[in-house]
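The values are calculated or read from the model by the stated rules, or taken from the named source; none is laboratory data. Predicted, not measured: the structure shown is a model, and the values here were computed from it. Cβ: placed from backbone, ideal geometry, glycine included. Neighbour counts: every protein chain shown. Please note that ligands, DNA and RNA were not included when accessible areas were found on the heavy atoms of the full protein model with its side chains. Shrake-Rupley method; radii C 1.70, N 1.55, O 1.52, S 1.80 Å.
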Amino acid sequence: MGLVFEMGYKKILATAIVIAFLFAGGCTEQESTDNGTIEWRDTELTDVTTGETFRISDFEGKNILVESFAVWCPTCLEQQKEMQVLREMEGTEAIHISLNTDPNEDAEKVREHVERNSFDWYFAVAPNEFTQALIDEFGINVVNAPGAPVVLICEDQSARLLSGNVKSAEVLEKEIREGC
């Protein structure tokens, strides 16, 4: 019973920290769209393993899976392992991007996570304004790491948050094939 309580407490605490951090970070001036929010797809991100910068919009015309995660989250690791299976199933049919949205984790911690698990796709730490823009578009569940959030961006740039917790490689493949 103590472990269940502790796990629930950690989820609530982590979510509260993310929300507090985002509200505190929301006071800085940012480049915005006409409606006052930043366009998260055009935000420059840095891959933690290569140091190269990229934008999600760089992959326009391709299907993209964007996963929000935290290193401490075992559910996120399960989702990432399913992403790895999907990559092995489909080759380069979809771009995979994992974004750390935990304000208490940095690029070094994420890089260690990537290396420890032998992952080989884009991993970046999401800037505060990027995370807030995701929340603005998809709701707070997009940064609820234990919920294994994944956003599917289709070739036409439509985007939606996939439902459920850990999604199997087969479910992800079906979402890409039938949902885009």
Check your understanding: In nm, to one decimal, how far is the ARG55 label point from the CYS180 one, both placed 7 Å along Cα→Cβ?
Key -> 2.0 nm
Exercise for review: Name the residues whose placed amide hydrogens come within less than 5 Å of the amide hydrogen of PHE123, ignoring near sequence neighbours (fewer than 5 apart) on the same chain.
Suggested key: VAL48, THR49, SER98
Revision key, fill the gap. Within segment 123-151, the residues whose backbone N lies under 19 Å from a label point placed 7 Å from the Cα of ASN117 along the Cα-to-Cβ direction are 123-127, 142-151
Check your understanding: Treating the beta-carbon of each Lys and Arg as +1 and of each Asp and Glu as -1, no other charges, what is the dipole magnitude of segment 42-179 about its Cα centre, to the nearest 20 debye?
Key -> 360 debye
Point to revise | ASN165 paired with ASP42, simple spin-label distance in nm, labels 7 Å along Cα-to-beta-carbon | key: 3.9 nm
Exercise for review: Working with all protein chains in place, sort THR43, THR53 by solvent-accessible area computed with a 1.4 Å probe, largest first.
Suggested key: THR53, THR43
Practice item. For ASP106, tell me the accessible area in Å² from a 1.4 Å probe, rounded to the nearest 10. Key: 90 Å²
**Study point:** GLU82, GLU44, GLU88, ranked by accessible area, largest first (probe 1.4 Å)
**Key:** GLU88, GLU44, GLU82
Review point. Per-residue accessible area for ILE64 at 1.4 Å probe radius, Å² rounded to 10?
Key: 0 Å²
Practice item. Please work out the C-alpha center-to-center distance from segment 70-88 to segment 102-180 and express it in whole Å. Key: 10 Å
